[in-house]
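> Questions regarding the structure given below will be posed in turn.
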Amino acid sequence: MARTPTRTRTAPPQPLRRLTAALLFAAGGQAAPALAESELTGAALALHMGCYNCHRTPARHDAPTFERMAAHYEKLRGQEGAAAKEAEHLRRGEPFRRIVAHEQLSPETATKLMQWLIDGAKPASAGG
């Protein structure tokens with residue numbers, strides 16, 4: 001009988017572990033569901049919404065990293081309404097292919113995430 005290869009689990013990247021620890025510390029040790037989605041912004045919101053599952057460094061599958069997306073959206077910095085417009089595109093599956101997780105974002109959450117990307121996608125420890 002052929003032996004199937006076993007998968008080994010690797011630890012999350014160091015910056016992600018630090019971000020998780022910082023968020024738990026800031027939340028007073030409470031679990032993530034205790035944090036209201038409407039109160040979260042930036043990297044904390046991206047972590048809460050599961051964005052790091054695909055867009056971390058290194059990225060999962062062919063998903064762009066946060067750094068790559070921030071560089072792409074830098075040209076929109078300072079433009080009024082840019083985040084809302086890009087959030088709607090994200091939720092409709094543009095300019096990328098349709099992704100269920102993106103389509104399920106509320107307009108408010110998608111706008112906050114897009115504004116974070118436009119502002120440079122700074123990690124929580126860098127003020128964002």
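> Which whole-Hz couplings ³J(HN,Hα) result when phi for each residue of the stretch 65-72 is put into the Karplus expression 6.51 cos²θ - 1.76 cosθ + 1.60, θ = phi - 60°, listed in order with x for Gly and Pro?
Along the stretch 65-72, the couplings run 6, 4, 4, 5, 5, 4, 5, 5 Hz.
> Also: Return the loop-located GluC sites (Glu not before Pro) in the stretch 64-128 (DSSP other than H, G, I, E, B) with at most 16 other Cβ atoms within 10 Å of their own Cβ; answer none if there are none. Please report the intermediate quantities before stating the final value.
Values: sites: Glu67, Glu74, Glu80, Glu86, Glu88, Glu103, Glu108; in loops: Glu80.
Listed in order of number, the matching sites are Glu80.
> Largest first, how would Arg68, Arg60 line up by accessible area (1.4 Å probe)?
Working: Arg68 150, Arg60 105 Å².
Result, largest first: Arg68, Arg60.
> Can I ask one more? Which net charge results when you count Lys and Arg as +1 and Asp and Glu as -1 among the other residues whose beta-carbon is under 9 Å from that of His102?
Taking every other residue near His102 into account, the sum is +2.
The values are calculated or read from the model by the stated rules, or taken from the named source; none is laboratory data. If you're wondering where the values come from, they're calculated on a predicted model, not measured in any experiment. In this analysis, Cβ positions are derived from the backbone assuming ideal geometry, glycine residues included, and neighbour counts consider all displayed protein chains. The accessibility values were calculated without ligands, DNA or RNA, using every heavy atom of the protein model including side chains. Shrake-Rupley method; radii C 1.70, N 1.55, O 1.52, S 1.80 Å.
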